[in-house]
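The values are calculated or read from the model by the stated rules, or taken from the named source; none is laboratory data. As the structure is a computational prediction, the values presented were derived from the model and not from experiment. Glycine also receives a Cβ, built like all others from the backbone with ideal geometry; neighbour counts cover every protein chain displayed.
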Amino acid sequence: MTAKPLSIVVLISGSGSNMQAIIDSLPKHHINAKIKAVISNKADAYGLDRAKLANIPAISIDHSLYDSRLSFDHAMIETIDSFEPDLVILAGFMRILSDEFVNHYTARLINIHPSLLPNFKGLHTHQRALDAGHHQHGASVHFVSNELDGGPVIAQAAVTISDDDDAESLRLKVLEQEHIIYPLVIKWLAQRRITLQSRTVYFDQKPLEKPIIIDANSWNL
Ligand code: GRF
């Protein structure tokens with residue numbers, strides 16, 4: 001018997017290229033998951049157009065219309081929960097979430113961050129990696145905790161920083177990796193191979209001592 005598809009709600013604020021990579025990956029990699037809705041806090045987010053093109057309900061909940069972070073988060077929770085998701089995915093969602101929101105979705109809320117965490121939490125990660133003189137940079141997929149970009153990391157992909165890289169060229173290199181690692185982690189979640197228990201990530205029932213490093217061969221795992 002086939003397992004029930006993992007039901008997903010995606011939260012975005014902008015271009016939604018990671019969301020698009022996930023949409024494309026589901027049939028391509030036979031991932032047993034369905035995106036029930038895409039929600040943006042910005043009505044003009046290009047990602048909403050992408051969702052509509054893919055026949056996915058595209059909803060905007062404008063944060064500026066709410067008088068507090070908590071009232072916005074409550075509205076989000078109400079809408080998200082109407083889709084009964086197994087997993088909520090942050091894909092370039094540029095709002096800090098309240099503890100209440102994060103706690104409500106414990107162990108079923110993940111994010112992608114453009115750095116090799118714990119390096120460079122927060123914004124402007126590419127410029128900061130260059131300024132720090134690093135030779136490697138990358139992206140991380142992690143469970144969301146109450147600490148900004150601080151939750152348990154599931155998987156990472158690294159890129160080499162070249163002498164001629166600037167923040168934009170580095171952003172594009174990292175984004176290419178993001179489009180690989182986010183769908184792959186979702187595949188593993190849909191297969192119920194990844195879980196979070198007491199702040200520890202488990203892969204195939206074994207605690208992960210360190211994040212999974214993803215490369216092209218990882219799709220064969
Ligand atoms: C990505 O760099 C992601 O790591 C960060 O926000 C950006 C979103 O890009 N969290 P997109 O909207 O998926 O194109």
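Touching a residue at least 60 places away in the same chain (Cβ under 8 Å) and either in contact with a Phe, Trp or Tyr (Cβ under 8 Å, 6 or more places away or on another chain) or over 17 Å from residue 6 (Cβ atoms) (or both) - does that describe any residue in the stretch 28-39? Taking every residue of the stretch 28-39 in turn, at least one turns out to be touching a residue at least 60 places away in the same chain (Cβ under 8 Å) and either in contact with a Phe, Trp or Tyr (Cβ under 8 Å, 6 or more places away or on another chain) or over 17 Å from residue 6 (Cβ atoms) (or both). Here residue 111 fulfils each of the conditions (1) part of a loop (DSSP other than H, G, I, E, B); (2) touching a Leu at 6+ places or on another chain (Cβ under 7 Å); (3) within 16 Å of the ligand (Cβ to nearest atom); (4) not basic (Lys, Arg) apart from (1). One residue is enough: does the stretch 41-53 have a residue meeting the conditions in contact with a helix residue (DSSP H, G or I) (Cβ under 8 Å, 6 or more places away or on another chain), without any contact (Cβ under 8 Å) to a residue 60 or more places away in the chain and of a type in the set (Gly, Ala, Ser)? Yes, there is a match, as at least one residue in the stretch 41-53 is in contact with a helix residue (DSSP H, G or I) (Cβ under 8 Å, 6 or more places away or on another chain), without any contact (Cβ under 8 Å) to a residue 60 or more places away in the chain and of a type in the set (Gly, Ala, Ser). Beta carbons closer than 6 Å, at least 6 apart along the sequence or on distinct chains, never pair a first residue in the stretch 13-25 that is over 18 Å from residue 44 (Cβ atoms) with a second that is within 9 Å of the ligand (Cβ to nearest atom) and of a type in the set (S, T, N, Q). Every test in (1) within 15 Å of the ligand (Cβ to nearest atom); (2) under 18 Å from residue 186 (Cα atoms); (3) among the acidic types (Asp, Glu) is passed by residue 49 save one, and that test is (2).
Being more than 21 Å from residue 14 (Cβ to Cβ), of a type in the set (A, V, I, L, M, F, W, C) and surrounded by 14 or more Cβ atoms within 10 Å (Cβ to Cβ) narrows it down to one of 77, 56, 89, so name that one. Among 77, 56, 89, only 77 is more than 21 Å from residue 14 (Cβ to Cβ), of a type in the set (A, V, I, L, M, F, W, C) and surrounded by 14 or more Cβ atoms within 10 Å (Cβ to Cβ).
Mind checking which residues of the stretch 170-209 are within 14 Å of the ligand (Cβ to nearest atom) and either hydroxyl-bearing (Ser, Thr, Tyr) or modelled with pLDDT under 95 (or both)? 182 - this is the single residue of the stretch 170-209 that is within 14 Å of the ligand (Cβ to nearest atom) and either hydroxyl-bearing (Ser, Thr, Tyr) or modelled with pLDDT under 95 (or both). Where strands (runs of 3 or more DSSP E) sit wholly within the stretch 129-221, those with at least 2 residues that are in contact with a Ser or Thr (Cβ under 8 Å, 6 or more places away or on another chain) and of a type outside the set (S, T, N, Q) occupy 136-143, 153-160, 200-203.
Residues checked against (1) more than 18 Å from the chain's Cα centre (by Cα); (2) more than 27 Å from residue 218 (Cβ to Cβ):
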| site | (1), (2) |
| --- | --- |
| 102 | no, yes |
| 107 | no, no |
| 110 | no, no |
| 121 | no, no |
| 131 | yes, yes |
| 137 | no, no |
| 141 | no, no |
| 150 | no, no |
| 157 | no, no |
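Every condition in (1) more than 14 Å from residue 144 (Cβ to Cβ); (2) in contact (Cβ under 8 Å) with a residue 12 or more places away in the chain; (3) more than 15 Å from the chain's Cα centre (by Cα) is met by residue 82 except one, and the failing one is (2). With respect to the conditions (1) without any contact (Cβ under 8 Å) to a residue 24 or more places away in the chain; (2) of a type in the set (A, V, I, L, M); (3) surrounded by fewer than 16 Cβ atoms within 10 Å (Cβ to Cβ), residue 96 falls short on a single one, namely (1). For the condition farther than 25 Å from residue 149 by Cβ, free of Cβ contacts under 8 Å to residues at least 40 places away in the same chain and either away from the ligand (no atom under 13 Å from the Cβ) or more than 19 Å from the chain's Cα centre (by Cα) (or both), residue 65 qualifies.
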